[in-house]
Structure formats: structure tokens, C-alpha cells
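This report refers to the structure that appears directly beneath it.
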Amino acid sequence: MDGVPKGKWVGPTIIPSNVFPGTQHTYYIYVPAQYDPTKPTALMIFNDGQAMKAEPGDVQAQNVLDNLIYRHEIPVMLGVFINPGRRPDQPEPTPSDWGDNTTNRRDEYNPPTDKYARVIVDELLPALRKDYNVSPDPDMHGIMGSSSGGCAAFGVAWFRSDEFHKVITFVGSFTDIRGEYTYPEMVGQADKKPIRIFMQDGRNDNRTTGRGAYNPNNDWFYQNVRLMQALTDKGYDVNYAWGINNHGQKMGGAIFPDMMRWLWRDQPVSTDVNDKAERSFSAAVTGN
């Protein structure tokens, strides 16, 4: 949009990982023009940060943040774009490279354990809070990712719902890659957590992994539907969009602004320090 104030990039910043010894994480912070260091600020984390911020690219999340904040449709928020962990001798992944063979991505993003959640909560958040006024409210913390990064985003909220309540997934790889297909059963067996999630996938997503006969645990679309249904049955605040896309970010990128509007729909969105009404999206649509 013309006339929209642009934020600024800070970084790259590298932090060593104690959760995955011998590796480190590179991240970039997008600070919106409306950021006020005297006010607690919302936070949105992007897994596979190099792909989510790439220009040109399917998502370009920083531009979406600029536009939606300017339109008072989401709160002022910091965008943190974090890459998969890597050894110091390994290169950073490129926007077109998920880095499965050259980074620690598979070990971090895929197993349904709390290890990657510990990277975000115990290593990244303290580093951010040294320099920024990050809100302590988990309702003001969101995380998103695509493919295995979507699984990792859900895992952060699932295992650390004390810190993260909001999730977006594109074409989540909730399959037999390191046991991700077990999440629906985990959702069904556990007490309901305060998680809000918007899922996206397509009917032409990967249906097998080229290993012979059809196996439902290898069916990306089927497993996304299974997880959505488990969350719905448990009473979660869940939304979803199924298209005809294959395993990529084009559909997710196209609807990402709407996903963000829905995810943050009931949070204060005023960006005017003189606006005491603290207007919110929910108030706007109900006329209150």
C-alpha cells in the first residue's frame, strides 16, 4: 500500500543453542514504525525466517505486518524471523532451500517433543526481551510456519502454551516424519489448552512419500484434516482453509493477511497514542 510507514530490520543476530548443543540460530527482527518501547508489544515469530521474509516471495510477512498495523487490523507487533539451527561451519539456508540436509531443521522441527519449544521460549525470548518491550501476555504471542515449520509452530504452542497461544500453519507436515501424525491423539487425550490456530493445506499436497503403497500416515492433507478435526472436537478456537494447492506456500501466502486478521481479531489495535478508545477489530465489526 502506498503511504504505509515501513518498519526497519535489525540483525542478523546469532544465538548459540544449549538445547541443541553445537548449533546456533540466526534471526532477524522486523520493528514496525509504530513500535513504542514504553508499551508492552505483541510478538509474531516466523519459522524458516529466510523464506517468510524473502522478497520476491510468496509470503513477505514484513509487508503484511506493515499494512495490517497501519490499517489498525492487528496490534503493533514485532516480527521475528528465525532460521533453523545450524553448526557454525554450515551456511545459512537460502529462501528456496528448506535446509533439511545442511541444517538442524529436521531434528528441530519434526519430532513432537518440547525441544524446539525450549529454543523459542528459553533461548530466543530472553534475547528479545533484553532489547525490546515484549508483552508477557501469551495471548500476545503468535508463531507460524510452513511444512515442517508449521509442525514446529504448533509444537511450540502445544508444549509451551504458557507462553504462546496463537498459531498459523501452511501445509503442515503432520505425517510420519519423526512421528508428527500422533498430534491428533495427543490433542484428544490432553486437557484443552488455550491455543487458537488457523491451518491451511491443499488437496494436492503430498499424498505419499514414494515408498510404495498408500499409507495414511504419509498423507499430508489427510493428516491436516485429522488434526483440525481433533482440535474442533476438543473445542479449540480453530479455523482452516483447504484449497487444491500442492505442497507450497502460494495459497498460504495469498490468504496470510486474512489469517492474521482472524488470529488477532480480539486484541487492541490502536496505533495512535492519542486514541484512548483502544479500538479493536471485534469492536469494529460489532459496532460497539
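The values are calculated or read from the model by the stated rules, or taken from the named source; none is laboratory data. This structure is a prediction, so every number in the text was calculated from the model and none was measured. Reconstructed Cβ throughout: ideal geometry from the backbone, glycine too, with neighbour counts over all protein chains shown. Just so you know, the surface numbers come from the protein's heavy atoms only, side chains and all, with ligands and any DNA or RNA stripped out. Shrake-Rupley method; radii C 1.70, N 1.55, O 1.52, S 1.80 Å.
Points worth noting:
- Meets criteria (crowded, with 19+ Cβ neighbours inside 10 Å, farther than 19 Å from Tyr132 by Cα and modelled with pLDDT of 95 or more) for Val76: no
- Search result, residues across the range 121-151 that are under 14 Å from the mean Cα position of the chain (by Cα) and of a type in the set (Ser, Thr, Tyr): Ser146, Ser147, Ser148
- Residues in the range 213-249 that are within 30 Å of His72 (Cα to Cα) and crowded, with 20+ Cβ neighbours inside 10 Å: Met228, Leu231, Gln249.
- Residue pairs whose Cβ atoms lie under 9 Å apart, separated by 6 or more positions or on different chains, with the first residue in the range 155-169 and closer than 13 Å to Asp122 by Cα and the second part of a strand (DSSP E or B) and open to solvent by 10 Å² or more (accessible area, probe 1.4 Å), do not occur.
- Every condition in (1) farther than 22 Å from Val156 by Cβ; (2) buried (at least 21 other Cβ atoms within 10 Å of the Cβ) holds for Tyr109 except the one numbered (1).
- Taken together, the residues in the range 128-156 that are buried (at least 24 other Cβ atoms within 10 Å of the Cβ) and part of a loop (DSSP other than H, G, I, E, B) amount to 1.
- Scanning the range 250-288 for residues that are modelled with pLDDT under 50 and buried (at least 17 other Cβ atoms within 10 Å of the Cβ) turns up Thr271, Ser280, Phe281.
- Residue match in the range 41-57 (condition: modelled with pLDDT under 95 and basic (Lys, Arg)): no
- Test: residue in the range 79-90 that is in contact (Cβ under 8 Å) with a residue 12 or more places away in the chain, open to solvent by 50 Å² or more (accessible area, probe 1.4 Å) and touching a Phe, Trp or Tyr at 6+ places or on another chain (Cβ under 6 Å): no
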